[in-house]
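Novice: Mind having a look at this structure? Questions to follow.
The values are calculated or read from the model by the stated rules, or taken from the named source; none is laboratory data. No experiment lies behind these values; they were computed from the predicted model shown. Note that each Cβ is placed from the backbone with ideal geometry, even for glycine, and that neighbours are counted across all protein chains shown. Calculation scope for accessible area: heavy atoms of the full protein, side chains included, ligands and nucleic acids excluded. Shrake-Rupley method; radii C 1.70, N 1.55, O 1.52, S 1.80 Å.
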Amino acid sequence: VQLQASGGGLVQAGGSLRLSCAVSGATSVTTVVGWYRQAPGKERELVARMYGGGSLNYADSVKGRFTISRDIIKRTVYLQMNSLNPEDTAVYYCTLHYRGHDYWGQGTLVTVSS
């Protein structure tokens, strides 16, 4: 199973980005999927998670600004990020829980300038 994250880049504060995570080698993305991030000098933290039944949870810092979604046909997980601020600067990682294992993408860098 491989996860390929993309969509990161440099954006000004207040802007938007959409991250994508393409999954290969797994038959489904209907299990638990999520996005984490790690800012310089900080620990990795959960940003958003979607459970198999569709329930969601978000970090308090991104509620109302970020939205996690998935396309089952394309086996792709998305993170729509709006109203970005410099505190959102981090490497973002997608995850998939599949058949008892947790898989991680390679990370995509998001940089928000003030």
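Novice: Just to be sure before I move on: is residue 71 open to solvent by 70 Å² or more (accessible area, probe 1.4 Å), among the acidic types (Asp, Glu) and either more than 10 Å from the chain's Cα centre (by Cα) or within 17 Å of residue 102 (Cβ to Cβ) (or both) in the structure I sent? Explain how you work it out, then say what you get.
Specialist: Numbers: open to solvent by 70 Å² or more (accessible area, probe 1.4 Å): no; among the acidic types (Asp, Glu): yes; either more than 10 Å from the chain's Cα centre (by Cα) or within 17 Å of residue 102 (Cβ to Cβ) (or both): yes.
Here the answer is no, as residue 71 does not meet what is asked.
Novice: Is it true that some residue in segment 13-21 is under 14 Å from the mean Cα position of the chain (by Cα) and closer than 16 Å to residue 103 by Cα?
Specialist: Taking every residue of segment 13-21 in turn, at least one turns out to be under 14 Å from the mean Cα position of the chain (by Cα) and closer than 16 Å to residue 103 by Cα.
Novice: Can you go through 29, 77 and tell me which one is over 27 Å from residue 114 (Cα atoms) and in contact with a Cys (Cβ under 6 Å, 6 or more places away or on another chain)? So that I can check it myself, show each step before the final result.
Specialist: Numbers: 29 fails: in contact with a Cys (Cβ under 6 Å, 6 or more places away or on another chain).
None of the other options fit; the residue is 77.
Novice: For segment 18-69: of the residues being polar (S, T, N, Q) and in a loop (DSSP other than H, G, I, E, B), which is farthest from residue 87 (Cα to Cα)?
Specialist: Step one: filter segment 18-69 for residues polar (S, T, N, Q), giving 20, 24, 27-28, 30-31, 38, 55, 57, 61, 67, 69.
Next, from what is left, pick out any that are in a loop (DSSP other than H, G, I, E, B): 27-28, 30-31, 55, 61.
Working: 27: 35, 28: 33, 30: 30, 31: 29, 55: 26, 61: 9 Å.
Selected residue: 27.
Novice: Could you tell me which of the residues 112, 91 is part of a strand (DSSP E or B), in contact with a Ser or Thr (Cβ under 6 Å, 6 or more places away or on another chain) and of a type in the set (A, V, I, L, M)? Before you say what the answer is, go through the steps one by one.
Specialist: Working: 91 fails: in contact with a Ser or Thr (Cβ under 6 Å, 6 or more places away or on another chain).
Only one candidate passes the filter, namely 112.
Listed here are the residues, each with its yes/no results for (1) touching a residue at least 24 places away in the same chain (Cβ under 8 Å); (2) closer than 22 Å to residue 4 by Cβ.
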| site | (1), (2) |
| --- | --- |
| 38 | yes, yes |
| 44 | yes, yes |
| 51 | no, no |
| 55 | no, no |
| 59 | no, no |
| 67 | no, yes |
| 82 | yes, no |
| 91 | yes, yes |
| 96 | yes, yes |
